[in-house]
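K.L.:
This is the structure, below, for whatever I ask next.
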Amino acid sequence: MAVIDPVAIKKDFPIFERPVHGKRLVYLDSASSSQKPRSVIEAMNCYYETTHANVHRGVYEIAERATRRYEAARASVARFIGAASPAEVVFTKNVTEAINLVAYSWGRANLRAGDVVVLTEMEHHANLVPWLALKAERGIELRYIPVTDDGLLDLGRLDETLDGAKLLCVASVSNVLGTINPVTELAAAAHAAGALVLVDGAQQAPHMPTDVSATGCDFFGLTGHKMLGPTGIGALWARRELLEAMPPFLCGGEMIRDVRLDGFSTNDVPWKFEAGTPPIAEAVGLDAAVAYLHGLGMEAVRQHERSLTAYALAALREAHPDLVIHGHPSADRRGGVISFVYKDVHPHDLSQVLDQAGVCVRAGHHCAKPLMRRLGVGATARASFSVYNDESDVDALVAALADADQLFSL
Amino acid sequence: MPGLEDLYREIILDHYRNPRNRGELPTPPAYAETGFNPLCGDEITLYVQMEGDRVADIRLTGQGCSISQSSASMMSTAVKGKSLAEARATIRRFKSMMSIHEHRLDGDSGTSDAGFEPDEPAAEAEVSLGDLEALQGVVKFPVRIKCATLSWNTLAQALDHLEGVPAS
């Protein structure tokens, strides 16, 4: 297996060439959005400079090339996540739109009052609110798999919770705790109970190998800008027969086969779900991002981030015994996400102080307010890693935390 | 680039470490209003006790950063004992101070605040803000303006409610 060299990798990301507040940029917010390698930026620029035209329309040369680039990106994403066919990959704006697509299309075609959707207490709002909206609209029942004190899903009553359910929705990796959830086992249990499985893969796809076929899920969403790609593009993967049976979500051009004044028929999948001109340059950028990650090797990426997380957990505990780190104590059970609360310093204030040292961490509820309530906090600070982070970034965080001590005289 | 000393003035940290008027009041006769900052999860509950036209007592609970908590603490001391009209004037004066800088930011939509009314008259200049002037530095950190204005927007909502019903 290849080994990640973060020092070399950092050189591939132009943003690290610029100081912040006169300091080296220590970017620890990749769970929110990752930085972009030069290859992604150049691929998008090159596309605009040499190729751009609308896709699936023109018969002229550059339109043909644009279409090929766009569909090649779909094929790359399909390979990257282990999909059986590119036809199973629908480009969306992000994972939020991917989940909304499922909730609006599959959900409204298949869920009636009293039908059960199972979620977990650690879901991101993107995997909660679409289902809460459906509950308000349709009267579906929502059940929640609870979270243990050490940040794992409590599967003690799983069979009972899944009994009679139509759908299980779960994040494969928590964006707050970093917890890696056992989605393969969960999918098997859900299928045994007759439920389909939707996996929010926003924090998985950028950080560890993804194989939707092996996982056995039915829907899988990812977001491009968290995986070294541009904003404005993500994807929904779903098994082909599900996509073919689902009614359209957004309607307009491109998603139709025929339109008459009294009706329309839909295009084949996946285009049935891609109304309007899609984000073509963004697809090209995502293709380059997937190529970059594939070049590193996703198993190597995972091992790098696992060992960096283990280093960070140990360094933070040793330097700051008062630090409360949420989630499981072992890096084996978590991705490169560390949420913490530092003494009585509010995470907003902490983040502001760290910023002065060039250290970027997220502060707030991380779009997971129910989980914040479960943890008994209003907010946390969160450091998260990607391929370009190394131990010096963790050291900078540890050192900057001492500045907060000084300012707030704790 | 403004330094942290512009943001974390000593008087602000003092109100943060020793918040004034912390606690609850029985409702009724007091009126309670809760405000949220959806961006960061900060929340504050104000308890406002009127006597006739006067804010006889005010208490607050909630959680948030040093800016939101100290602003709330200072707000409570600024309006306690004031008439409704004086409290309103203080709110306008404070929000005006918080929004001056906003209009100088070129198209930074991330700083817009639905609670602000940019065309409000600046005629409240005669209202002294006292310690609250220390929060002036917050406008150099646009993301934090919402922290500073949370308790003030919540107070405005409470006064709206109270003016809609006869004071006991």
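K.L.:
Per-residue HN-Hα couplings for the range A:198-215, Karplus 6.51 cos²θ - 1.76 cosθ + 1.60 at θ = phi - 60°, whole Hz, x for Gly and Pro?
P.N.:
10, 10, 7, x, 4, 9, 9, 3, x, 10, 7, x, 10, 9, 5, 5, 5, 5
K.L.:
When DSSP beta bridges are limited to those with both residues in the range A:41-294, what percentage is antiparallel, rounded to the nearest 5?
P.N.:
Details: 15 of 31 bridges.
Given both bridge residues lie in the range A:41-294, the antiparallel proportion sits at roughly 50 percent.
K.L.:
Using θ = phi - 60° and the Karplus form 6.51 cos²θ - 1.76 cosθ + 1.60, what ³J(HN,Hα) does each residue of the range A:374-391 get, whole Hz, x for Gly and Pro?
P.N.:
Here the 3J(HN,Hα) series is 4, 7, x, 10, x, 7, 9, 8, 9, 9, 9, 10, 9, 5, 8, 8, 9, 5 Hz.
K.L.:
Using a 1.4 Å probe on the heavy atoms of the protein chains only, list every residue of the range A:361-382 that has 20 Å² or more less accessible area in the complete assembly than in its chain alone.
P.N.:
Those are A:365, A:369, A:378, which lose 20 Å² or more relative to the chain on its own.
K.L.:
Chains A and B: buried accessible surface, both sides, probe 1.4 Å, rounded to 100 Å²? Intermediate values should be presented prior to the final figure.
P.N.:
Working: alone 16390 and 8240 Å², together 23130 Å².
The A and B chains share an interface burying roughly 1500 Å².
K.L.:
Got a sec? Which residues of the range B:24-50 lose 40 Å² or more of accessible surface with every protein chain in place, vs. that chain alone, 1.4 Å probe?
P.N.:
At a threshold of 40 Å² (probe 1.4 Å), the residues of the range B:24-50 that become less exposed are B:40.
K.L.:
Over the range B:1-87, what is the relative contact order in percent, taking alpha-carbon pairs closer than 8 angstrom and at least six residues apart?
P.N.:
Working: 134 pairs, mean separation 26.8, N = 87.
In percent, rounded to a whole number, it is 31.
K.L.:
Let me ask something else about it. Counting only other chains, and only Cβ atoms inside 10 Å, what mean value do you get across the residues of A:339-348? It would help to have the intermediate numbers written out before the result.
P.N.:
Details: counts 0, 0, 0, 0, 0, 3, 2, 11, 3, 13.
The shielding value for this peptide is 3.
K.L.:
Mind checking the per residue accessible area of the protein assembly as shown for me, 1.4 Å probe, whole number of Å²?
P.N.:
With the other protein chains kept in place, the protein assembly as shown gives 40 Å² per residue.
K.L.:
Measure out, as a whole number of angstrom, how far apart the alpha-carbon centroids of the range A:375-404 and the range B:1-79 sit.
P.N.:
Centre-to-centre (Cα) distance: 29 Å.
K.L.:
Provide the gained length on full extension for the span residue A:64 to residue A:214, in nm with one decimal, where the gain is 0.36 nm per separating residue minus the Cα-Cα distance. Walk me through the intermediate numbers first.
P.N.:
Values: separation 150, 0.36 × 150 = 54.00 nm, distance 3.44 nm.
Full-extension gain reported as 50.6 nm.
K.L.:
Could you go through the range A:253-263 in sequence order and give the Karplus-derived ³J(HN,Hα) for each residue, using 6.51 cos²θ - 1.76 cosθ + 1.60 with θ = phi - 60°, rounded to whole Hz, and x for Gly and Pro?
P.N.:
Whole-Hz 3J(HN,Hα) from phi for the range A:253-263: x, 6, 8, 10, 9, 8, 10, 10, 5, 10, x.
K.L.:
Using the beta-carbon distance between residue B:27 and residue A:310 and R0 = 51 Å, what value does 1/(1 + (r/R0)^6) give for FRET efficiency, to the nearest 0.05? Write out the running numbers ahead of the final one.
P.N.:
Values: r = 50 Å, r/R0 = 0.98.
Computed FRET efficiency for residue B:27 and residue A:310: 0.50.
K.L.:
With the cut-off at 22 Å, tell me which of the pairs A:93/A:226; A:11/A:93; A:135/A:226; A:10/A:226; A:23/A:343 have Cα atoms farther apart than that. Before the final figure, lay out each step's value.
P.N.:
Working: A:93/A:226 12 Å; A:11/A:93 29 Å; A:135/A:226 29 Å; A:10/A:226 16 Å; A:23/A:343 26 Å.
Result: A:11/A:93; A:135/A:226; A:23/A:343 exceed 22 Å.
K.L.:
What's the angle, to the nearest 10 degrees (0 to 90), between helix A:280-296's Cα axis and the longest principal axis of chain A?
P.N.:
50 degrees
K.L.:
A further question follows. For the pair residue A:23/residue B:14, report the inter-label distance in nm, with labels modelled 7 Å from Cα in the Cβ direction.
P.N.:
Computed distance between label sites residue A:23 and residue B:14 equals 2.9 nm.
K.L.:
Hey, can you grab everything whose amide H is under 5 Å from the amide H of residue A:234? Only 5+ residues off in sequence or another chain; H modelled, so Pro and N-termini drop out.
P.N.:
Answer set, sorted by chain and number: A:92, A:93, A:94, A:224.
K.L.:
Sticking with this one: Give me the percent of accessible area attributable to carbon and sulfur for chain A, probe 1.4 angstrom.
P.N.:
Details: 8340 of 15600 Å².
It is 53 percent, rounded to a whole number.
K.L.:
Next question. Based on DSSP H runs of at least 4 residues, each adding -39500 (n - 2.57), what is the mean residue ellipticity at 222 nm of chain A after dividing by all its residues, to the nearest 500 deg cm²/dmol? List each step's numbers first, then the result.
P.N.:
Values: 14 runs with 155 residues, N = 410.
Rounded to the nearest 500, the figure is -11500 deg cm²/dmol.
K.L.:
Something else about it: Answer with one residue from A:165, A:228, A:58: the one whose Cα lies farthest towards the positive end of the charge dipole of chain A, charges on Cβ with Lys, Arg +1 and Asp, Glu -1.
P.N.:
About the Cα centre, the residue reaching furthest to the positive side is A:58.
K.L.:
Considering Cα pairs under 8 angstrom that are at least six residues apart, work out the relative contact order of chain A and quote it in whole percent. Mind dumping the intermediate values first?
P.N.:
On the way: 826 pairs, mean separation 93.5, N = 410.
Answer for chain A is 23 percent.
K.L.:
For residue A:108 and residue A:185 in the same chain, what is the full-extension length gain: residue separation times 0.36 nm, less their Cα-Cα distance, in nm?
P.N.:
Gain in length upon complete extension: 25.0 nm.
The values are calculated or read from the model by the stated rules, or taken from the named source; none is laboratory data. Please read all numbers here as calculations on a predicted model, not as lab measurements. Glycine also receives a Cβ, built like all others from the backbone with ideal geometry; neighbour counts cover every protein chain displayed. The accessibility values were calculated without ligands, DNA or RNA, using every heavy atom of the protein model including side chains. Shrake-Rupley method; radii C 1.70, N 1.55, O 1.52, S 1.80 Å.
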